[in-house]
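K.L.:
Take a look at this one; I'll ask things after.
We did not get these values from a lab; they are worked out from the coordinates using the rules stated. Because the structure is predicted, anything quoted here is derived from the model rather than measured. Methodologically, a virtual Cβ is constructed for each residue, glycine included, from the backbone with ideal geometry; neighbour enumeration extends over all protein chains shown.
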Amino acid sequence: MKRICRTAALSLIIVAGSAHAQLTTPPPKANPETPEFTPPDQQPAPVARPQAPDRNRPNLSNPGTMSKVPDVEYRKLAQIGEDGKIIRFDVPLDFEALRNNPFVGGKRKAIELMPMLVGRRYRMEQIVVDNLDFIIQIENGLLDNLQLDNPEAMKLITDVMTPLVPPKSITLEMFDRQLLSRVQKDMNLQILGEYQKAIMGELTEQDANTGLTNFMKYIMGESLKESTIAFEGMLAEATWRMKEVVEKAGLADTAAASALLGINGSANDEADVNAAKAIMVRDAWDSLDLKQKQAFLNAVRETREDPHAPPVRMLDLSNPDLIEGEHNVEIKMRKPGEAGDAPAGDGG
């Protein structure tokens, strides 16, 4: 039975790509199907006399390979909360790791990363709309039925999860787009791996019998976090202009219209208020069929000033451990073809 559980667990780690990219080494190779993600061309080494790889520039052909990062002090992500347990996060773990990453700058770096994050959220929204029936199953507690020793149940969960998991993690996309150097990327993966290892240790220590199952639930939830954030974000955003959204979706004459029109919010609402409004919208649109719900979400996007620019909160990279007068260590990555020596500390 233990062998079956371990096999099922390993299969799940392979399926849930985003969060598992940091847990398993190396993560999946970059997906070449989308031109936007294709790294710059590199000159092939001569066949007759292979040369050593150039350590002064990122090896984009295998971004998941981790090199040894410089030995520096940094705040561990696994901190104990008031309840005596490791603190969990509502945002993707990559963001929290970036905050603790001593090689990533503060506000300036956050501004540099925002366009990528807005584009990524837009793509996640499209994934949610296209697979809305799956995301609704997740929201309704599908992962609560996780049973590592039940192959049929495991197949159902993995079939639902697979289209909702991004092809690569946030950290690896930043690296592929040359927004992070190899050292910055590797440090982020190290911080993430340490945190996930600590979570696994805590869960197995709490209950040796259910620890593995609970850890897999946690990992799967992390893999799906971007999808659920995009889904709930669109629901909350609808309350900022509900009348326009309902009319655009062609739902004005439906039974759900009255309840939906009674939910109003603002772009200035705090995160917990937006979360509560999203739940209210989910309850109000319950009588709509799948196509009507998809039309509702599409209307949220189409009624924006720029349909391709979802509202994404500014990335906070302020390091809580930096004292006044200190600054994060910044590594400037040399782009292919750019003259100059390799950045200090970037060992490739």
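K.L.:
Over the alpha-carbon set of region 75-302, divide Rg by the Kirkwood Rh and report the Rg/Rh ratio to two decimals.
P.N.:
With Rg and the Kirkwood Rh in hand, the quotient comes to 0.99.
K.L.:
Can you give the net charge of the other residues whose Cβ lies under 15 Å from the Cβ of GLY84, counting K and R as +1 and D and E as -1?
P.N.:
Here the count lands on -2.
K.L.:
Taking a threshold of 26 Å on the Cα-Cα distance, which of the pairs LYS109/LYS217; LYS248/LYS277; LYS185/LYS225; LYS85/LYS277; LYS243/LYS293 fall above it? Could the numbers behind the result be given before it?
P.N.:
Values: LYS109/LYS217 32 Å; LYS248/LYS277 20 Å; LYS185/LYS225 20 Å; LYS85/LYS277 29 Å; LYS243/LYS293 15 Å.
Where the Cα-Cα span goes over 26 Å, the pairs concerned are LYS109/LYS217; LYS85/LYS277.
K.L.:
Figure the gain on full extension for SER287 and VAL91 (residue separation times 0.36 nm, minus the Cα-Cα span) and round it to one decimal in nm. Don't jump to the answer; show the numbers that get you there.
P.N.:
On the way: separation 196, 0.36 × 196 = 70.56 nm, distance 3.02 nm.
Roughly 67.5 nm would be gained on extension.
K.L.:
Let me ask another. If I stretch the segment between GLU270 and GLU152 completely, what's the gain in nm (0.36 nm per residue apart, minus their alpha carbon distance), one decimal?
P.N.:
Here the segment from GLU270 to GLU152 would lengthen by 38.4 nm.
K.L.:
Tally Lys/Arg at +1 and Asp/Glu at -1 over every other residue whose Cβ is under 9 Å from the Cβ of GLU139; what's the total?
P.N.:
Overall, the nearby charge balance is 0.
K.L.:
OK, next. Please go through region 226-292 and write out the GluC sites (Glu not before Pro) that DSSP classes as loop and that have at most 14 other C-beta atoms within 10 Å.
P.N.:
On the way: sites: GLU226, GLU232, GLU237, GLU244, GLU247, GLU270; in loops: GLU270.
Answer in residue order: GLU270.
K.L.:
Tell me the Rg and the Dmax, in Å, that the Cα atoms of region 182-287 produce.
P.N.:
So, for region 182-287, Rg and Dmax equal 19.8, 56 Å respectively.
K.L.:
Now for a separate question. Output wanted: per-residue J couplings in Hz (rounded whole) for region 85-102, from phi through Karplus 6.51 cos²θ - 1.76 cosθ + 1.60, θ = phi - 60°, x for Gly and Pro.
P.N.:
So the Karplus estimates, Gly and Pro as x, are 10, 5, 5, 9, 10, 7, 8, x, 4, 4, 5, 5, 5, 4, 4, 8, 6, x Hz.
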